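*Asks:* Shown below is the structure under consideration.
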Amino acid sequence: MYLTVNNQEIFAATGGVEFDKSKPTIVFLHGAGMDHRAWALQTRYFAFHGFSVLAPDLPGHSLSSGEPLDSVEAMGSWLVKVVEAAGAEYVHLVGHSQGFLIALEAAAGLGNRLQSITAVATAASIPVNPALIETAQKSPDTAAGMMLQWGFGQRTQMGMSPVPGQQPIAIGHQIMSSNPLAKDLIACSEYSLGAERSREIKCPTHVILAAEDKMTPVKAGLALAVDLDVKATVLKNAGHMLPVEAPVQCLEAMGTFIQSLEEK
């Protein structure tokens, strides 16, 4: 569905089910250069199991109009407006990589409406190699190839796929090379408030990490879990692109956490 935010048309996937603001809502936030398709399996599952879901494309990404946002702080303020535009009363936030940083920045603006935050393959800070940023500015296609080489674990690099007939590296390349990857990478690199914001979070949190993550290494993710005062779940045989590389395991980890909160 489309929402109007800051006079721009924003696309948000709803998992194949019409959005119902009376249900508990889960907002899925994609990583740098990606879009709603990163959450294809997870959004569909929750949409058919008692939740409403929103997986928005950031401004200027894929199906959303407008100019890309320059900072994680601006993305966080934007997300609060997305939730308000959808009319969602209470939300769970799930963020992959950059998406988690956005969730941190939106937390204060959402206040008591925020029910939980799930951090997926991420850390409190995401430093980016300046050479990668420079490459992304000159050739998004080349930079997307570099990121996906680092972003997937060994099994996927060898051609294995969680979905028969689909090649997640090729899909990721098509999405990233068409989106404002450089803008996102710069925003991540310049964001420095993650640890401070993490310690301010009051709602339940969960951290899901990938054992073969080369972009936000497990060590950094475990440090985030300490800041959030939770025990992390570490999934084997997957890299940074966890939502698409190990979608079922990722879904199981987040589902157990979020559904347990709704059952209380």
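The values are calculated or read from the model by the stated rules, or taken from the named source; none is laboratory data. The model shown is predicted, which means the values in this text are computed figures rather than measured ones. FYI the Cβ positions are ideal-geometry reconstructions off the backbone, even for glycines, and counts take in every protein chain you see. Side chains are part of the model used for accessible areas, which takes the heavy atoms of the whole protein and leaves out ligands, DNA and RNA. Shrake-Rupley method; radii C 1.70, N 1.55, O 1.52, S 1.80 Å.
*Asks:* Highest mean first, how do 102-114, 1-13 rank when packing is the count of other Cβ atoms within 10 Å averaged over residues?
*Replies:* Numbers: 102-114: 20.5, 1-13: 16.6.
The densest-packed peptide leads the list: 102-114, 1-13.
*Asks:* Then there is this: Grab every C-alpha pair in region 1-85, bin the distances at 5 angstrom width from 0 up to the longest one, and report whole percents.
*Replies:* Reading upward from the zero bin: 3, 16, 28, 26, 17, 8, 2, 0.
*Asks:* Just the number, please: carbon plus sulfur as a percent of the accessible area of region 113-241, 1.4 Å probe, no ligands or DNA/RNA counted. Could you put the intermediate results ahead of the total?
*Replies:* Details: 3360 of 6270 Å².
Accessible surface attributable to carbon and sulfur in region 113-241 totals 54 percent.
*Asks:* Continuing with the same structure: Given 10 °C and 1.306 mPa s, compute D for region 66-213 with the Stokes-Einstein relation, Rh being the Kirkwood radius over Cα pairs; round to the nearest whole µm²/s. Display every interim value, and only then the final one.
*Replies:* Working: Rh = 16.5 Å.
Calculated translational D: 96 µm²/s.
*Asks:* May I pose another question? For labels at Ala211 and Glu67 in the simple 7 Å Cα→Cβ model, what's the distance in nm?
*Replies:* Placing both labels 7 Å beyond Cα along the Cβ direction yields 4.6 nm.
*Asks:* Relative contact order of the chain: what whole-number percent is it, with Cα pairs under 8 angstrom and at least 6 residues apart? Present the calculation step by step, with values, prior to reporting the outcome.
*Replies:* Numbers: 549 pairs, mean separation 53.1, N = 264.
After rounding, I find 20 percent.
*Asks:* Let me ask you something else. Accessible area per residue, 1.4 Å probe, Å², for the chain: what's the number?
*Replies:* Working: 11320 Å² over 264 residues.
Ligands and nucleic acids excluded, the result is 43 Å² per residue.
*Asks:* Using a basic spin-label model with each label point 7 Å from the Cα along Cα→Cβ, how many nm lie between Glu200 and Glu252?
*Replies:* Placing both labels 7 Å beyond Cα along the Cβ direction yields 3.7 nm.
*Asks:* Only Lys, Arg, Asp and Glu count, each charged at its Cβ (+1, +1, -1, -1), so figure out the dipole size of region 161-222 about its Cα centre, rounded to 20 debye. Walk me through the numbers before you get to the answer.
*Replies:* Working: 6 positive and 6 negative charges, 23 e Å.
Computed charge dipole of region 161-222: roughly 100 debye.
*Asks:* For region 1-86, which whole percent of the accessible surface, found with a 1.4 angstrom probe, sits on carbon and sulfur atoms? Show your work: numbers first, answer last.
*Replies:* Working: 1690 of 3320 Å².
Of all accessible area on region 1-86, carbon and sulfur atoms account for 51 percent.
*Asks:* Which entries in the list Lys23/Lys219; Lys183/Lys264; Lys81/Lys236; Lys81/Lys219; Lys183/Lys219; Lys23/Lys81 go over 29 Å, if you measure between the two C-alpha atoms of each? Intermediate results must be reported in sequence, preceding the final value.
*Replies:* Values: Lys23/Lys219 36 Å; Lys183/Lys264 40 Å; Lys81/Lys236 36 Å; Lys81/Lys219 33 Å; Lys183/Lys219 26 Å; Lys23/Lys81 19 Å.
Pairs exceeding 29 Å: Lys23/Lys219; Lys183/Lys264; Lys81/Lys236; Lys81/Lys219.
*Asks:* Calculate, axis by axis, the spread of Cα positions in region 46-143 along the three principal axes, and write the results as whole Å, longest axis first.
*Replies:* Computed over the Cα atoms, the extents are 43, 28, 26 Å.
*Asks:* Counting other Cβ atoms within 10 Å, keep those with at most 14, restrict to DSSP loop, and tell me which GluC sites (Glu not before Pro) in region 156-264 are left. Walk me through the intermediate numbers first.
*Replies:* Numbers: sites: Glu190, Glu196, Glu200, Glu212, Glu245, Glu252, Glu262, Glu263; in loops: Glu212, Glu263.
Of the GluC sites (Glu not before Pro), the ones in loops of region 156-264 whose Cβ has at most 14 other Cβ atoms within 10 Å are Glu263.
*Asks:* Shifting gears a bit: On full extension of the chain, what length is gained from Ala170 through Trp150, given 0.36 nm per residue of separation minus the C-alpha to C-alpha distance?
*Replies:* Difference between extended and current length: 5.8 nm.
*Asks:* Still on this structure, please answer the following. If I stretch the segment between Gln8 and Leu261 completely, what's the gain in nm (0.36 nm per residue apart, minus their alpha carbon distance), one decimal? Could you put the intermediate results ahead of the total?
*Replies:* Working: separation 253, 0.36 × 253 = 91.08 nm, distance 3.35 nm.
Gain on stretching Gln8 to Leu261: 87.7 nm.
*Asks:* Moving on. Any idea what log10 I(q)/I(0) is at q = 0.17, 0.20 Å⁻¹ for region 156-264, Debye with uniform C-alpha scatterers and no solvent?
*Replies:* Here the Debye-derived log intensity ratios amount to -1.02, -1.24.
*Asks:* In whole percent, what relative contact order does region 34-168 give with Cα contacts below 8 Å and a gap of six or more residues?
*Replies:* Details: 116 pairs, mean separation 19.0, N = 135.
Here the relative contact order equals 14 percent.
*Asks:* Still on this structure: So what's the back-of-envelope 222 nm ellipticity for the chain, counting only DSSP H runs of four-plus at -39500 (n - 2.57) apiece and dividing by all residues, rounded to 500?
*Replies:* The helix-only estimate for the chain comes to -13500 deg cm²/dmol at 222 nm.
*Asks:* Report Rg(Cα)/(2.2 N^0.38 Å) for the chain, keeping two decimals.
*Replies:* Numbers: Rg = 16.6 Å, N = 264, 2.2 N^0.38 = 18.3 Å.
That works out to 0.91 for the chain.
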